[in-house]
Amino acid sequence: MDDDATPRRRDAVSVVVCRDDTVLLVRRGRAPSAGRWAPPGGRIETGETAHDAAIRELREETGLTAEIIGDLGIREVASHDADGTPTLFAIAVFVALAGPEEPIPGDDAAEARFVPRHSLADFDLVAGLMPWLERAFRLHDGYRAANGLRNAVSGEAAEGRGRDGEDG
């Protein structure tokens with residue numbers, strides 16, 4: 001990048017959707033990072049809130065809806081637009097809970113699936129993603145335990161305390 005070339009800023013979202021001990025990943029079908037795995041996400045459209053963009057991108061890329069339970073802040077990623085223009089993506093990262101439905105890849109997702117936490121090292125993840133996934137799992141695990149939620153698939157109780165404060 002030239003010293004005088006200021007990166008263009010693009011506001012975007014990413015939705016880390018957790019279900020039990022898995023996370024929803026899509027294999028990107030287009031640049032940037034085509035062929036690599038990442039949570040669903042994309043650009044925020046004019047007049048759209050980051051929250052609304054997160055829900056829209058999740059639906060467009062996977063056909064799923066989910067309950068957003070928190071956010072992890074802004075992840076900055078330096079890249080280039082399709083025309084080669086230096087770009088700084090400011091990505092608002094959300095964490096969401098999914099139900100038992102299975103994703104169907106759509107939009108720019110070449111593939112979509114829930115990946116077990118212990119298998120993440122086997123996937124070609126976008127650069128710098130793993131620390132964000134770890135933070136998302138901590139938020140997800142704490143939320144489930146604090147609210148006495150059961151596993152979406154197995155029906156087993158979450159570890160920790162239930163709503164009434166009793167061990168669960």
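Rule-based calculations on the coordinates, nothing more; no lab input. As the structure is a prediction and not an experimental result, all values here were calculated from the model. With ideal geometry, Cβ positions are generated from the backbone for all residues, glycine too; neighbour counts draw on all protein chains shown.
With each run of n ≥ 4 DSSP H residues scored as -39500 (n - 2.57), what mean residue ellipticity at 222 nm is computed for the chain after dividing by its residue count and rounding to the nearest 500 deg cm²/dmol?
Numbers: 2 runs with 30 residues, N = 168.
Computed ellipticity for the chain at 222 nm equals -6000 deg cm²/dmol.
Of the GluC sites (Glu not before Pro) found in region 1-91, those in coil by DSSP whose Cβ has at most 13 other Cβ atoms within 10 Å are GLU45. Counting only DSSP beta bridges whose two residues both lie in the chain, roughly 70 percent are antiparallel.
Grab the other residues whose beta carbon is less than 9 angstrom from that of GLU57, score K and R as +1, D and E as -1, and report the net. Working shown, then result.
Values: positive: ARG43, ARG56, ARG59; negative: GLU60, GLU61, ASP107.
Here the count lands on 0.
For the chain, the longest principal axis of the C-alpha atoms and the axis of helix 50-62 are separated by about 90°.
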